[in-house]
1. Can you tell me, using C-alpha contacts under 8 Å and at least 6 residues apart, the relative contact order of the chain as a whole percent?
2. Could you list T232, T9, T136 in order of exposure, starting from the residue whose Cβ has the fewest other Cβ atoms within 10 Å?
3. What FRET efficiency comes out for the pair R168/E240, r = Cβ-Cβ distance, R0 = 51 Å, nearest 0.05?
4. Could you tell me how many cubic angstrom of Cα convex hull volume the chain has per residue?
5. What is the sum of charges, Lys and Arg at +1 and Asp and Glu at -1, for the other residues whose Cβ falls under 15 Å from the Cβ of T26?
6. Please work out how much length the chain gains when fully extended from L71 to T9, using 0.36 nm per residue of separation minus the C-alpha to C-alpha distance, in nm with one decimal.
7. Using a/c under 1.5 as the rounded threshold, could you call segment 173-290 rounded, prolate or oblate? The axes a ≥ b ≥ c are square roots of the C-alpha gyration tensor eigenvalues, and prolate needs a/b larger than b/c, oblate otherwise.
8. Hey, how many Å between the Cα centroid of segment 140-186 and the Cα centroid of segment 1-65?
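Every number in this text was worked out from the coordinates using simple rules, so none of it is lab data. Bear in mind that the values here come from a model prediction, so they are computed numbers and not experimental data. Because the Cβ atoms are built from the backbone with ideal geometry, glycine has one as well, and the counts that use them run over all protein chains shown.
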Amino acid sequence: MSDPRPVRTAAELRGALASARQEARTIGLVPTMGFLHPGHLSLLAAARAQADVVVMSLFVNPAQFGDAEDLAAYPRDEGRDLALAAEAGVDLVFAPTSDEIYPAGFATHVEVEGLTDVLCGDPERRGAAHFRGVTTVVAKLLNLADPDLVFFGQKDAQQAIVIRRMVRDLGFQAEVVVLPTVREADGLAMSSRNSYLEPPERERAVALSQALEAAESKVAAGLPAAIEAARTVLAGAGIEPEYLEARYADDLLPAQSFNGRPVLVAVAARVGRARLIDNVVVGAAGDKHH
Ligand code: AMP
């Protein structure tokens, strides 16, 4: 069924999935904005292993871009993405136009309250409108593909938490699967936006993951000491973070200590033209999950 040609319309997508549904084959959906890297490929591999039919969506979603980042500048290479998707065993690529997702007069949005106005959603940062853009497009993709499983990366930890809540609150049938962050050899979290980094910036960018490692190594010394250790690493690389925060991984409320509940330590920083994010979850026993 592998076919490097994408389908562009909702009707084609539904048609292509009709027989799978009739035969009760399970459908796995991997939403992406393309410019695929090994992080995306890990999601595709998991989908290939866990679902009968693997659908990848490829859509640079205008609704989740703010003024701070140029939508037109976002890296794109559809030909390469289609080849990589075929290699990864993707059965169907859904690459809609913007009009297909947002027809004229589009007026309906999905908003997850509370979880979306902190960290990246803080009004001073990307704002809740970013997550409204994400949840609205993911809700639409879930409606169109109606998958049994939908795959996301821990790299975008807040996004995964918000989507889990949306899926639960609105009763989508899909099970949300979140996979570990895939990193470069030196620890930098893989991201399509890493392509914005000039060589000296690429060297400094590793400080984000090193800062999180420093925080992890200080867990026993307590949360303030762990955050301080991370801040010191960032400062050493001349990076002033947009945020560096510890929040409970389920409700994103501020964590004051490592007290048994999993704590998300998340960082965002601008390095050159790129706005980079990374995180680590410090678990109950002080053990870590990237
Ligand atoms: P994007 O194309 O950046 O919107 O990402 C599509 C999906 O890939 C999202 O679920 C991301 O969380 C996930 N993803 C992006 N980078 C990584 C990474 N380094 N490791 C694991 N998953 C990732």
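1. After rounding, I find 16 percent.
2. T232, T9, T136
3. Plugging the Cβ-Cβ distance into 1/(1 + (r/R0)^6) gives 0.90.
4. Value for the chain: 133 Å³ per residue.
5. My count for the surroundings of T26 gives -3.
6. 20.2 nm
7. Oblate is the answer for segment 173-290, as a/c is 1.5 or above yet b/c matches or exceeds a/b.
8. 13
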